[in-house]
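Peer 1: Would you mind keeping the following structure in view while I ask a few things?
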Amino acid sequence: MPVPILKQGDVLIVSLQSELADDELERLSSKLSDRVGSDRVTGVVIDVAALDVMDSYATRMFRTMAQVTQLRGATTVMVGIQPDVAVAMVQMGLDLEGAMTALDLEDGLDVLRRDHERSGV
Amino acid sequence: MATTFPTTPLELLDDPEALTAFWQIYDRNFDRIADHLMKVLSNHAEFASLIDALPPDQMLEQRTAGRERLRAAVVDGHWSQYWNYLHDEGVTYARSGLGFSSWFAAVTAFREPFIEAALDELDITSDMFRRVVLASQAFTDTAMATLGSAYLDEKQRVIEEQQDALRELATPILSLRESLLILPLVGVVDSERARQITDDLLHAVTRDRARVVVVDITGVPAVDSMVANHLIQTTDAARMMGATIVVSGISTENAQTLVRIGVDPNRLNTIADLRGAIEWANQLLDT
């Protein structure tokens, strides 16, 4: 079941409804990168509010996704990380290493807008 | 909470014959002993009001029931029933505010007439008299131990209740403006409380959509490595969620302690005073 990717203005929005298997994450990453190019967007919001758990693979995957889309010309923001997930990740020593995060979709769009303005593009 | 009744004095007795004799003497002289008990307790500061509050027919009912309960214990062996009842009574009296030491007056008021009754029936030089006295002591000792354990159980329950209440009081999370929360920490922070604080704070971030939380620790007397690590963890987790935590109110002493124990200042956003922290937060939010 492919994950729907929505477009809103200059931003792609992905809302994960459930945990994705490793291969599904990889496919999502490729698809996002493709869409960044074809839709000519400058930002990506990945909403993980529905996820109860994020393991080390998923964390690495999201980090990679952000870096890839960056190279393709878009900034990625991850939103909706739940408190328990955040605490678990910190305790396991997982780090998103500079990938941008925000509280929720609204905040995420706000962050992207300001980032876009700042970069002067 | 399971309570094992200290029936040891009675178990140690190992003299069923004397125990039965004790019961028989008590039973035969029941009214006399009960009347004496009532008279003494009516003049006792703490028991008096409890006795006055009891209507006479209820008092008679309780007396009769108590007598039957003890009979069932000694004669039919229903001791656990007896001690369970006494334990529950103890809890009730503890709650009503009756001091534990008052029960010693009740025991004395029982012993005096009982010994007199035993003297009436037995020869003071006889071995049976000695054994009956020991049996009566084992009984009253066990009764006091049971009441004592009931009082302790009740106190423990109150302490736990208060601890829960304290924990809830202890972490008010206040909204200063949109997207800004303040959490003034006061008092001793143990690891259970620290865990609770982290939980409450992060959930408040989600619920109130706060992008900055100012945690003021002016009221925390001693910040040790456990507290520092919790603050760092919370800061990291909040950052992951898209929020920033600023810690204000670290005293010079606490700062020196933290450096000494090796806490990396770069892992925390800190500022000396609350006002500075709020100004910083406002700037961050208004950018």
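The values are calculated or read from the model by the stated rules, or taken from the named source; none is laboratory data. Keep in mind it's a predicted model, so treat the numbers as computed, not measured. Don't worry about glycine lacking a Cβ; one is built from the backbone with ideal geometry, like all the others, and counts go over all protein chains shown. The area values use the complete protein model at the heavy-atom level, side chains included, leaving out ligands, DNA and RNA. Shrake-Rupley method; radii C 1.70, N 1.55, O 1.52, S 1.80 Å.
Peer 1: Given the criterion modelled with pLDDT of 90 or more, in a helix (DSSP H, G or I) and either of a type outside the set (Phe, Trp, Tyr) or over 21 Å from the mean Cα position of the chain (by Cα) (or both), identify the matching residue among B:Thr142, B:Thr125. Working first, answer last.
Peer 2: On the way: B:Thr125 fails: in a helix (DSSP H, G or I).
The unique qualifying residue is B:Thr142.
Peer 1: Step by step: first the residues of segment A:34-91, then only those that are among the hydroxyl-bearing types (Ser, Thr, Tyr) and modelled with pLDDT of 90 or more, then the one that is nearest to the chain's Cα centre (by Cα). Which residue is that?
Peer 2: Residues of segment A:34-91 that are among the hydroxyl-bearing types (Ser, Thr, Tyr), as a first pass: A:38, A:42, A:56-57, A:59, A:64, A:69, A:75-76.
Within this subset, residues satisfying the condition of being modelled with pLDDT of 90 or more are A:38, A:42, A:75-76.
Working: A:Ser38: 18, A:Thr42: 13, A:Thr75: 9, A:Thr76: 5 Å.
Here the answer is A:Thr76.
Peer 1: Answer yes if at least one residue in segment B:203-213 is more than 14 Å from every other protein chain (Cβ to nearest Cβ), in contact (Cβ under 8 Å) with a residue 24 or more places away in the chain and either farther than 25 Å from A:Ala88 by Cα or aliphatic (A, V, I, L, M) (or both), and no otherwise.
Peer 2: In the first step, residues of segment B:203-213 are kept if they are more than 14 Å from every other protein chain (Cβ to nearest Cβ); the result is none.
No; the residues of segment B:203-213 include none that is more than 14 Å from every other protein chain (Cβ to nearest Cβ), in contact (Cβ under 8 Å) with a residue 24 or more places away in the chain and either farther than 25 Å from A:Ala88 by Cα or aliphatic (A, V, I, L, M) (or both).
Peer 1: Within segment B:236-268, how many residues are more than 9 Å from chain A (Cβ to nearest Cβ), modelled with pLDDT of 90 or more and under 30 Å from A:Asp47 (Cα atoms)? It would help to see each step written out before you state the result.
Peer 2: Here is the first cut: in segment B:236-268, the ones more than 9 Å from chain A (Cβ to nearest Cβ) are B:244-268.
Subset that is modelled with pLDDT of 90 or more: B:244-249.
Pick out the ones that are also under 30 Å from A:Asp47 (Cα atoms) and you get B:244-247.
So the answer is 4.
Peer 1: Hey, another quick one. Among the residues of segment B:122-146, count how many are in contact with an Asp or Glu (Cβ under 8 Å, 6 or more places away or on another chain) and open to solvent by 40 Å² or more (accessible area, probe 1.4 Å). Even if it seems obvious, please write down each step before you answer.
Peer 2: Pass one, segment B:122-146, residues in contact with an Asp or Glu (Cβ under 8 Å, 6 or more places away or on another chain): B:129, B:131, B:134-135.
From the residues that got through so far, the ones that are open to solvent by 40 Å² or more (accessible area, probe 1.4 Å) too are B:131, B:134.
The number of residues fulfilling the criteria is 2.
Peer 1: Considering each of B:Ile217, B:Ile245, B:Ile271 in turn, give the residue that is farther than 25 Å from A:Ala99 by Cα and out of contact with any Phe, Trp or Tyr (no Cβ under 9 Å at 6 or more places or on another chain). Show your work before the answer.
Peer 2: Working: B:Ile245 fails: farther than 25 Å from A:Ala99 by Cα; B:Ile271 fails: out of contact with any Phe, Trp or Tyr (no Cβ under 9 Å at 6 or more places or on another chain).
Going through B:Ile217, B:Ile245, B:Ile271 in turn, just one is farther than 25 Å from A:Ala99 by Cα and out of contact with any Phe, Trp or Tyr (no Cβ under 9 Å at 6 or more places or on another chain): B:Ile217.
Peer 1: Search segment B:271-287 for residues being within 14 Å of another protein chain (Cβ to nearest Cβ) and not polar (S, T, N, Q), and hand back the single one that is farthest from B:Arg211 (Cα to Cα).
Peer 2: Per the criteria, the residue is B:Asp286.
Peer 1: Confirm whether B:Glu89 is open to solvent by less than 30 Å² (accessible area, probe 1.4 Å) and among the acidic types (Asp, Glu).
Peer 2: Numbers: open to solvent by less than 30 Å² (accessible area, probe 1.4 Å): no; among the acidic types (Asp, Glu): yes.
No, not satisfied.
Peer 1: Among the residues of segment B:101-121, count how many are surrounded by 14 or more Cβ atoms within 10 Å (Cβ to Cβ), in contact with a Phe, Trp or Tyr (Cβ under 9 Å, 6 or more places away or on another chain) and among the aliphatic types (A, V, I, L, M).
Peer 2: 4
Peer 1: Across segment B:10-43, which residue is farthest from B:Arg131 (Cα to Cα) among those that are charged (D, E, K, R) and part of a helix (DSSP H, G or I)? Let's see the steps before the verdict.
Peer 2: Residues of segment B:10-43 charged (D, E, K, R): B:11, B:14-15, B:17, B:27-28, B:31-32, B:35, B:39.
Narrowing further to those that are part of a helix (DSSP H, G or I): B:11, B:17, B:27-28, B:31-32, B:35, B:39.
Working: B:Glu11: 14, B:Glu17: 9, B:Asp27: 17, B:Arg28: 18, B:Asp31: 23, B:Arg32: 22, B:Asp35: 25, B:Lys39: 28 Å.
Step by step, filter segment B:10-43, then rank; the result is B:Lys39.
Peer 1: Of all residues in segment B:205-223 being out of contact with any Pro (no Cβ under 9 Å at 6 or more places or on another chain) and not β-branched (Val, Ile, Thr), which is nearest to B:Val259 (Cα to Cα)?
Peer 2: Checked segment B:205-223; the qualifying residue nearest to B:Val259 (Cα to Cα) is B:Ala222.
Peer 1: Oh, and also: What helices (runs of 4 or more DSSP H), lying completely within segment A:20-121, carry at least 1 residues that are away from every other protein chain (no Cβ under 11 Å), buried (at least 20 other Cβ atoms within 10 Å of the Cβ) and without any contact (Cβ under 8 Å) to a residue 40 or more places away in the chain? Can you show your working first?
Peer 2: Details: elements: A:22-39, A:56-71, A:83-91, A:105-119.
It comes to A:22-39, A:56-71.
Peer 1: Which residues, counting only those in segment B:172-202, are within 18 Å of B:Thr218 (Cα to Cα) and within 14 Å of chain A (Cβ to nearest Cβ)?
Peer 2: Residues satisfying the conditions are B:Ile173, B:Leu181, B:Ala194, B:Ile197, B:Thr198, B:Leu201.
Peer 1: Let me ask you something else. Kindly check whether there is at least one residue in segment B:173-183 that is surrounded by fewer than 12 Cβ atoms within 10 Å (Cβ to Cβ) and either touching a helix residue (DSSP H, G or I) at 6+ places or on another chain (Cβ under 7 Å) or in a helix (DSSP H, G or I) (or both).
Peer 2: no
Peer 1: Name the pairs: first residue in segment B:22-41 and of a type in the set (S, T, N, Q), second residue surrounded by 14 or more Cβ atoms within 10 Å (Cβ to Cβ), Cβ to Cβ under 6 Å, at least 6 apart or on different chains?
Peer 2: B:Asn29/B:Ala117
Peer 1: Considering only segment B:184-203, how many residues are in a strand (DSSP E or B) and open to solvent by 50 Å² or more (accessible area, probe 1.4 Å)? So that I can check it myself, show each step before the final result.
Peer 2: From segment B:184-203, those in a strand (DSSP E or B) are B:184-186; that's our starting set.
Adding the requirement that they be open to solvent by 50 Å² or more (accessible area, probe 1.4 Å) leaves B:186.
Counting residues in segment B:184-203 that are in a strand (DSSP E or B) and open to solvent by 50 Å² or more (accessible area, probe 1.4 Å) gives 1.
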